[in-house]
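The values are calculated or read from the model by the stated rules, or taken from the named source; none is laboratory data. Remember, predicted model here, so these are calculated numbers, not experimental data. In this analysis, Cβ positions are derived from the backbone assuming ideal geometry, glycine residues included, and neighbour counts consider all displayed protein chains.
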């Protein structure tokens with residue numbers, strides 16, 4: 001029989017090996033998994049309209065078809081508008097590159113007048129927004145590769161919505177108790193829906209306000225940058241800041257320094273009011289995740305699943321935390337993922353370490 005120390009070591013080795021296999025499997029199935037996660041995201045957002053139609057005595061199948069049809073119309077309309085704007089942006093890139101070179105030459109002349117000098121490679125590297133624009137284009141390409149499977153995604157959404165109402169009944173049948181309640185699972189699902197709906201509405205408001213502000217300021221392609229602000233608003237910690245960099249750089253090249261400063265100030269005001277004002281008041285601390293875990297989840301899921309992982313890192317981490325909470329032996333991991341006040345409010349028996357049998 002193994003000693004306790006050997007048991008702990010063997011368990012750690014097995015868990016580490018399982019983690020390596022899981023990470024490798026996620027990387028190999030990245031495209032399929034990303035499409036499935038996008039389908040689940042759309043299904044969560046579409047569930048509320050479907051349930052509302054059901055409460056008004058609309059048959060389930062008809063309700064699902066109506067909601068999915070509405071999603072098709074919205075996605076097609078957004079795709080046409082944003083795709084046209086993105087094409088125009090790529091077409092105008094040579095002109096912007098020429099303007100960038102002019103600004104670099106002017107800046108070099110200014111430095112020379114002050115008896116200062118910098119190597120050309122540093123000026124080109126730090127003043128050329130081409131790298132930022134390439135990263136932005138890479139994000140659009142990465143998400144576009146997922147959205148290209150839109151037919152498969154919408155079919156998956158349809159089947160998820162059709163199964164949503166019958167899943168609790170099936171689960172009770174499996175457990176053999178027709179009156180079985182699932183309070184923890186229900187609370188988790190409600191928190192997840194609340195987060196995704198509120199986050200989507202806040203992101204949509206951010207995109208609309210940014211597009212309107214850039215239109216007023218005269219920045220080219222305001223719809224494209226508004227869509228980028230909507231998309232990256234899902235990314236915690238750095239998303240809102242990163243979304244403003246391409247538009248501010250474009251304003252700098254197109255309109256000059258002071259107009260670019262005003263554009264940046266508009267971004268800051270919109271993000272402060274919506275993200276730190278309205279969103280915080282609506283959601284409070286419903287995430288149940290520490291600040292460090294939120295940032296690390298962005299890095300981990302973004303590395304494993306690409307842009308889709310970065311956008312959906314919070315729901316994925318919340319799901320993982322719920323899975324750890326459901327098992328007594330892994331509950332300590334959920335405590336580590338949660339904020340400090342959650343650990344302080346745990347019952348005494350939950351704080352005791354679990355010893356392997």
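Touching a helix residue (DSSP H, G or I) at 6+ places or on another chain (Cβ under 6 Å) and modelled with pLDDT under 85: is that true of residue 39 in this structure?
Numbers: touching a helix residue (DSSP H, G or I) at 6+ places or on another chain (Cβ under 6 Å): yes; modelled with pLDDT under 85: no.
It is false that residue 39 is touching a helix residue (DSSP H, G or I) at 6+ places or on another chain (Cβ under 6 Å) and modelled with pLDDT under 85.
Scan the stretch 240-260 for residues that are surrounded by fewer than 21 Cβ atoms within 10 Å (Cβ to Cβ) and within 17 Å of residue 199 (Cα to Cα) and jot them down.
The answer is 241, and nothing else.
Taking the stretch 301-314 as the region of interest, how many residues are over 8 Å from the mean Cα position of the chain (by Cα) and either buried (at least 23 other Cβ atoms within 10 Å of the Cβ) or not in a helix (DSSP H, G or I) (or both)?
The qualifying residues number 3.
Restricting to the stretch 315-336, count the residues that are in a helix (DSSP H, G or I) and under 18 Å from residue 187 (Cα atoms).
Of the residues in that region, 14 qualify.
Of 75, 69, which residue is assigned to a helix (DSSP H, G or I) and either in contact with a strand residue (DSSP E or B) (Cβ under 9 Å, 6 or more places away or on another chain) or without any contact (Cβ under 8 Å) to a residue 40 or more places away in the chain (or both)? Break it down stepwise before answering.
On the way: 75 fails: either in contact with a strand residue (DSSP E or B) (Cβ under 9 Å, 6 or more places away or on another chain) or without any contact (Cβ under 8 Å) to a residue 40 or more places away in the chain (or both).
Testing whether each residue is assigned to a helix (DSSP H, G or I) and either in contact with a strand residue (DSSP E or B) (Cβ under 9 Å, 6 or more places away or on another chain) or without any contact (Cβ under 8 Å) to a residue 40 or more places away in the chain (or both) leaves just 69.
Please verify whether residue 204 is in contact (Cβ under 8 Å) with a residue 24 or more places away in the chain, assigned to a helix (DSSP H, G or I), buried (at least 19 other Cβ atoms within 10 Å of the Cβ) and touching a helix residue (DSSP H, G or I) at 6+ places or on another chain (Cβ under 9 Å), treating the condition exactly as stated.
Numbers: in contact (Cβ under 8 Å) with a residue 24 or more places away in the chain: yes; assigned to a helix (DSSP H, G or I): yes; buried (at least 19 other Cβ atoms within 10 Å of the Cβ): no; touching a helix residue (DSSP H, G or I) at 6+ places or on another chain (Cβ under 9 Å): yes.
It is false that residue 204 is in contact (Cβ under 8 Å) with a residue 24 or more places away in the chain, assigned to a helix (DSSP H, G or I), buried (at least 19 other Cβ atoms within 10 Å of the Cβ) and touching a helix residue (DSSP H, G or I) at 6+ places or on another chain (Cβ under 9 Å).
Report yes if some residue within the stretch 225-232 is more than 26 Å from residue 79 (Cα to Cα) and touching a residue at least 12 places away in the same chain (Cβ under 8 Å); otherwise report no.
No, every residue in the stretch 225-232 fails to be more than 26 Å from residue 79 (Cα to Cα) and touching a residue at least 12 places away in the same chain (Cβ under 8 Å).
Restricting attention to the stretch 32-58, which residues are over 16 Å from the mean Cα position of the chain (by Cα) and in a helix (DSSP H, G or I)?
So the first thing to find is which residues in the stretch 32-58 are over 16 Å from the mean Cα position of the chain (by Cα), and the list is 32, 46-58.
Listed by number, the residues that qualify are 32, 46, 47, 48, 49, 50, 51, 52, 53, 54, 55.
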